[in-house]
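Novice: Starting off with a structure, shown below.
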Amino acid sequence: MSTLRISVIIPTRNGGDTLSACLQALRASAFAPAEIIVVDDASSDDSARIAEQFDCRVIRLDENIGAARAKNRGAREAVGDVVFFTDDDVVVAADALARCAENFAEPQLAGVVGLLDAKIPFTDFPSNLKNLWMRFSYAKVPRERIGLFYTSIAAMRREVFLRLGGFDENYRGASITEDTEFGQRAWAAGHYLRLDDRMTAMHYKQYTPRQVLLTDFLRARALVLMRLRKWGQPFYTSVPAFYLLAVPVLFAALGALLASVVIGNWLLVVGGALLFMFYALFFPWFAYLARERGMRFAMLAALFQPADALAVGLGMLGAGVEFVQGKRY
């Protein structure tokens, strides 16, 4: 394990506000990386200068090429046996790289994915809600032979990553789905990926309620487009089954409540029963939030959840329309 070389790859575009904390944590790691590569995706802030202060290898790009291509560029130029991906707003735990190296002591393992810490440096409701959902949903998947690759904290043997072609560069802009698609591809090709919940990181990303809804809309749209594009192929999803059921239940509830105005009050009972089912499906999620942040937080989440599920449903419907129109990404 001591001879394993890990190349850390961080794409950044105007990430100067959080990049220092990200790099400071990596430099304080219990397991020293062979190199830290910061791919500066045509930033207009001082991200490159900050990276140089932490003795990083900086790849400066003259034009904005997006997260997928930036990460691929870093992986191609890396010298490590393993490429460890993280983001400029992520602070890895002191033992994260050591945990990563432990996993790669098993020669059959191709990649390992970590989890976000339940704690973040913000107290606002939307940021905590989004962070806890990411932790909750990924923590529910099996630990072995997974089909996800969440690049806030994920690593893979470099030769396997390059053999698979890296991230799909048809995905442009900020990171939303290219890592999920890559995990699908690695899993379908039979590569052994593991989720190690001891390998953690804290996400320094702050959200407004609108940003939570927009992010979930865009992610649902992208995931459904991916699913339709890969129709007939093996498909791995980290989305809990209760969420996949709850979204159509909510639409049916809203449809029944609206139709009751025209058809009859009996549909109010149907709509109410469906709405009750919606909340019953989310009970494990609300119980988790109550344990992590208290009952008041869980009640706020219960009020917000229909809006979020509605945004997800609209994203799914939009993806279906776009796919019929010929859009694939």
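Novice: Return the residues of region 160-193 that are of a type in the set (A, V, I, L, M) and over 17 Å from GLY114 (Cα atoms); say none if nothing qualifies.
Specialist: Of everything in region 160-193, those that are of a type in the set (A, V, I, L, M) and over 17 Å from GLY114 (Cα atoms) turn out to be VAL160, LEU162, LEU164, ALA174, ILE176, ALA188, ALA189.
Novice: Hey, another quick one. Which of the residues belonging to region 1-16 are closer than 18 Å to ALA70 by Cβ and surrounded by fewer than 21 Cβ atoms within 10 Å (Cβ to Cβ)?
Specialist: Correct list: ASN14, GLY16.
Novice: How many of the residues making up region 48-92 are among the β-branched types (Val, Ile, Thr) and more than 17 Å from the chain's Cα centre (by Cα)?
Specialist: Residues flagged as among the β-branched types (Val, Ile, Thr) and more than 17 Å from the chain's Cα centre (by Cα) within region 48-92 amount to 7.
Novice: Checking the structure you have, find out if any residue of region 37-58 is charged (D, E, K, R) and under 23 Å from PHE104 (Cα atoms).
Specialist: No: region 37-58 contains no residue that is charged (D, E, K, R) and under 23 Å from PHE104 (Cα atoms).
Novice: Let me ask something additional. Here are some conditions: (1) surrounded by fewer than 19 Cβ atoms within 10 Å (Cβ to Cβ); (2) aliphatic (A, V, I, L, M); (3) within 25 Å of GLU169 (Cα to Cα); (4) within 24 Å of the chain's Cα centre (by Cα). ALA98 meets all but one. Which one does it not meet?
Specialist: (3)
Novice: Give VAL262, VAL224 a once-over and let me know the one that is of a type in the set (A, V, I, L, M, F, W, C) and exposed (fewer than 14 other Cβ atoms within 10 Å of the Cβ).
Specialist: The conditions single out VAL262.
Novice: Here is a follow-up. Quick one: ARG194 ticks every box in (1) touching a Gly at 6+ places or on another chain (Cβ under 8 Å); (2) under 24 Å from ILE65 (Cα atoms); (3) charged (D, E, K, R) except a single one, so which number is it?
Specialist: Here ARG194 meets the rest and fails (2).
Novice: Among the residues of region 34-50, how many are of a type outside the set (S, T, N, Q), touching a helix residue (DSSP H, G or I) at 6+ places or on another chain (Cβ under 7 Å) and surrounded by 15 or more Cβ atoms within 10 Å (Cβ to Cβ)?
Specialist: 8
Novice: Among the residues of region 177-213, which ones are assigned to a loop (DSSP other than H, G, I, E, B) and over 14 Å from the mean Cα position of the chain (by Cα)?
Specialist: ALA189, GLY190, HIS191, TYR192, GLN206, TYR207, THR208, listed by residue number.
Novice: For the condition out of contact with any strand residue (DSSP E or B) (no Cβ under 9 Å at 6 or more places or on another chain) and under 18 Å from THR208 (Cβ atoms), what is the one hit in ALA287, ALA307, ALA302?
Specialist: ALA307
Novice: Where residues in region 239-259 are out of contact with any helix residue (DSSP H, G or I) (no Cβ under 6 Å at 6 or more places or on another chain) and more than 16 Å from PHE282 (Cα to Cα), which of them is surrounded by the most Cβ atoms within 10 Å (Cβ to Cβ)?
Specialist: Ranking the candidates gives LEU254 first.
Novice: Next question, about the same structure. Only residues that are small (Gly, Ala, Ser), over 16 Å from the mean Cα position of the chain (by Cα) and under 23 Å from ASP89 (Cα atoms): list them for region 146-176, please.
Specialist: Once the filter is applied, which keeps residues that are small (Gly, Ala, Ser), over 16 Å from the mean Cα position of the chain (by Cα) and under 23 Å from ASP89 (Cα atoms), region 146-176 yields only GLY166.
Novice: For the structure I just gave you, tell me whether ASP87 is of a type in the set (D, E, K, R) and on the phi < 0 side of the Ramachandran plot.
Specialist: The answer is yes for ASP87.
Novice: Whether any residue in region 12-34 is assigned to a strand (DSSP E or B), within 24 Å of VAL113 (Cβ to Cβ), touching a residue at least 40 places away in the same chain (Cβ under 8 Å) and under 20 Å from the mean Cα position of the chain (by Cα) is what I want to check.
Specialist: For region 12-34, residues assigned to a strand (DSSP E or B), within 24 Å of VAL113 (Cβ to Cβ), touching a residue at least 40 places away in the same chain (Cβ under 8 Å) and under 20 Å from the mean Cα position of the chain (by Cα): present.
Novice: Quick one: in region 69-89, of everything that is over 16 Å from ASP179 (Cα atoms) and not acidic (Asp, Glu), which residue is surrounded by the most Cβ atoms within 10 Å (Cβ to Cβ)?
Specialist: VAL82
Quick note: the coordinates plus some simple rules give every number you see, no bench work behind them. Remember, predicted model here, so these are calculated numbers, not experimental data. Note that we place each Cβ from the backbone using ideal geometry, even for glycine, and neighbour counts take in every protein chain shown.
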